[in-house]
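Take a look at the structure below.
The values are calculated or read from the model by the stated rules, or taken from the named source; none is laboratory data. All values reported here derive from a predicted model rather than from experimental measurement. In this analysis, Cβ positions are derived from the backbone assuming ideal geometry, glycine residues included, and neighbour counts consider all displayed protein chains. With ligands, DNA and RNA removed, areas are computed over all heavy atoms of the protein, side chains included. Shrake-Rupley method; radii C 1.70, N 1.55, O 1.52, S 1.80 Å.
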Amino acid sequence: MPFTMTEGGFGVGDYVAFGLLCTASCAGGVWYSAIGSRSKAVVDIRDYLLGGKAMSTFPVAMSLIASYVSGVTILGTPAEIYNYGSQYWLVIVGVTLSCIVVASIYLPVFCTLRLSSSYEYLELRFNRHVRAVASILFLLDEVLFLPMVVYVPALAFNQLTGFNVFAVGGVMVAICGLYTVLGGLRAVVWTDSVQTGVMFIGVVLVAAAGTIAVGGFRTVLNVTSESGRLDLSNWSFSPYERQSGWGVVFGGFLYWTCFNSVNQTMVQRYISLPSKKEAVSALAIFCTGAILAISLCVWCGLAAWTAWVSGGCLSGGEPPVDDRLLPAFVTYVSRVQHLPGLAGVFLAGVFGAGLSSLSAVLNACALVAVEDIMHGWLRLQLKPLTEGILARTVTATLALASLLMLIVIEKLGGVLGVATALSAIAASSTCGMFTLGMVCWWVGPRGAVAGAVAGAVVAGTVTFGTQAAAARGLRAPPLDYAMQCTNGTSQQMALLDPQLVFPLFRVSYHWIAPLGLAATLSVGAAVGWLLDAPRSVPLDAELFTPAVWALLPAAAHERKGASRRRARDDAPAPSSPLMLAQLDKVETNGETSR
């Protein structure tokens, strides 16, 4: 049976499988929101947003994976492999290195200070205005990222079933918003754990059944090897190569270091654990899970390529293909292998990944709005009940905004590129600010702000420039497949001559975050050295990573812990219960949850 990329359809078995798995994955969060919060530790604003800082390691690790692996990853990675080969798979090396750096450089600082928000560090190290800059940048980034998380699984459902994208997106937002608004971090983490499991089940089944459908493991290796899609030998230093070994490893390492190290979505989960040991364990589980998820998605792309070539390279499946590849391949596999329900299981996995990413971002945004903007920058201290309502209102508002933004994405497809651009800007410049604070003891507020502006300008200019060039027709041609497909199905692409595009606007997307990070660090370090007065830099060893303690002035070691003690003394009194009914204090690990 040939594979043509036009496959689709949803049977009764698919609806049953999808309904059962989605119900199971969301039931825990809804139950916790409606019932569990009355008997567990969700009794004040910090408990709502941080889970009492007494969460268990494994659920938090699953939630970390959920924050990383969204529907964009599941649908986008196979298409990338199908078009450009397996070189992208080397990003797992960058992810591994990223986790090592996060555990040794950034995590010790956050776990020692025990902050409520990662951006609170910037106020201790610099001032509250620097904290506000990073917080607002994060919120703007996530506002445009949220609709993308909703749009991808809704579009997949639309392609398989024909249901309206907005109706599907509305159901997603309603379910996710309900348990996120009411249950807080605990509901999010426990639901993420189940949804991550459903996601892995779906992808594993597709990879296994797809391999069998196309002839087995050796067939996939032979067919993809003949077309060069298993070739990992391109280690060109050229930044214009879409996928090269150095670009994928180095660029992936820096991008995911930026995301895993200081992004509030990730840090919120690290500090919800009781100690650094548990945080490192959760990070190790996350690293393993991310590598497994990426590898499974890569294999699905290779299996889909094998199906197309083995079926005679019919028109419709020739590269380059878009994100419709995997849903079409799943339908193809279910028909070849006579597996009713496979498409339903797969779609439940995509939905689970989307819901978990959506809930993670919503909860993180609520924390940033309350802790960083209201408390940290505006210095507002409202009644505990009012703060709780405000946090839930922020979550509900963002959930609704993500649904409304689907209209913009459908009418103006370029918004997806804009969202990607802002993601690169926020990741590189924010990570640069934290790195300057933790490593460069001579840098003060002026250096931090100057570096962030420089990084944002560089990353923004390159990203918007590459998007504009892509809109004009600049495309990286897919790998050649003429030796395997001689029936004349090669797709003719009208490509823009790269020589007509400014060189900086031709670089691969892997190099955008490194460019922004390099600009932030170099400009920030130089400005800090020249313009920041020594008195503007708090010399406290706990504000710096242990890797540079040996280089710090003696005064930093003498004042070790001063910033943490001052922050504790300045903290407001513990919040009263958010619920209208009086709740007894809950003992967690021998301490009353705050």
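Taking every Cα-Cα distance in segment 247-371 and sorting them into 5 Å bins from zero, the calculated P(r) comes out as 2, 8, 12, 17, 16, 14, 11, 9, 6, 3, 1, 0 percent.
Ranking of SER272, SER225 by solvent-accessible surface, largest first: SER225, SER272 (1.4 Å probe, protein heavy atoms only, all chains present). Hydrodynamic estimate: the Kirkwood radius of segment 496-570 over Cα pairs, inserted into Stokes-Einstein at 37 °C and 0.692 mPa s, corresponds to D of 205 µm²/s.
Available extension along the chain between THR112 and ILE407 is 101.8 nm, counting 0.36 nm per residue and deducting the alpha carbon span. Exposure check, 1.4 Å probe, all protein chains in place: ARG472 carries approximately 140 Å² of accessible surface.
Against the criterion of solvent-accessible heavy-atom surface with a 1.4 angstrom probe, TRP89, TRP256, TRP529 sort, most first, into TRP529, TRP89, TRP256.
3J(HN,Hα) couplings calculated from phi for segment 5-19 with the Karplus curve 6.51 cos²θ - 1.76 cosθ + 1.60 (θ = phi - 60°) are, in sequence order, 6, 9, 5, x, x, 9, x, 4, x, 5, 4, 5, 4, 4, x Hz; Gly and Pro show x.
As a calculated quantity, the FRET efficiency between GLN381 and ILE201 at R0 = 41 Å, using C-beta atoms, amounts to about 0.35.
For the chain, the solvent-accessible area of protein heavy atoms averages 39 Å² per residue (probe radius 1.4 Å; ligands and nucleic acids excluded). When shorter helices are ignored and each DSSP H run of at least 4 residues is given -39500 (n - 2.57), the per-residue value for the chain at 222 nm works out to -21500 deg cm²/dmol. With a Förster radius of 25 Å applied to the C-beta separation of ARG559 and LYS276, the computed FRET efficiency comes to 0.70.
LEU178 contributes an accessible area of around 80 Å² to the protein surface, as traced by a 1.4 Å probe with all chains present. Close amide H partners of ARG559, meaning residues 5 or more places away or on another chain with modelled amide H under 5 Å apart, are ALA541. By the Cβ distance rule of under 4.7 Å, the chain has these cysteines without a partner: CYS22, CYS26, CYS111, CYS176, CYS297, CYS300, CYS365, CYS440. In order along segment 238-251, the Karplus-derived 3J(HN,Hα) couplings, from 6.51 cos²θ - 1.76 cosθ + 1.60 at θ = phi - 60°, round to 5, x, 8, 6, 4, 10, 10, x, 5, x, 5, 6, 5, x Hz, and Gly and Pro are given as x.
Å³ per residue of the Cα convex hull, for segment 267-323?
Dividing the Cα hull volume of segment 267-323 by its residues yields 85 Å³.
Express in % the proportion of alpha carbon pairs of the chain at distances exceeding 31 Å. Considering the chain, 50 percent of its Cα-Cα pairs are separated by more than 31 Å. Here GLU120 sits with roughly 40 square angstrom of accessible surface, probe radius 1.4 Å. The 3J(HN,Hα) values that the Karplus relation (6.51, -1.76, 1.60; θ = phi - 60°) gives for segment 364-369 are, in residue order, 5, 5, 4, 5, 5, 4 Hz. Gly and Pro appear as x.
Applying 1/(1 + (r/R0)^6) with r as the Cβ-Cβ distance of LEU221 and SER104 and R0 = 51 angstrom yields a FRET efficiency of 0.90.
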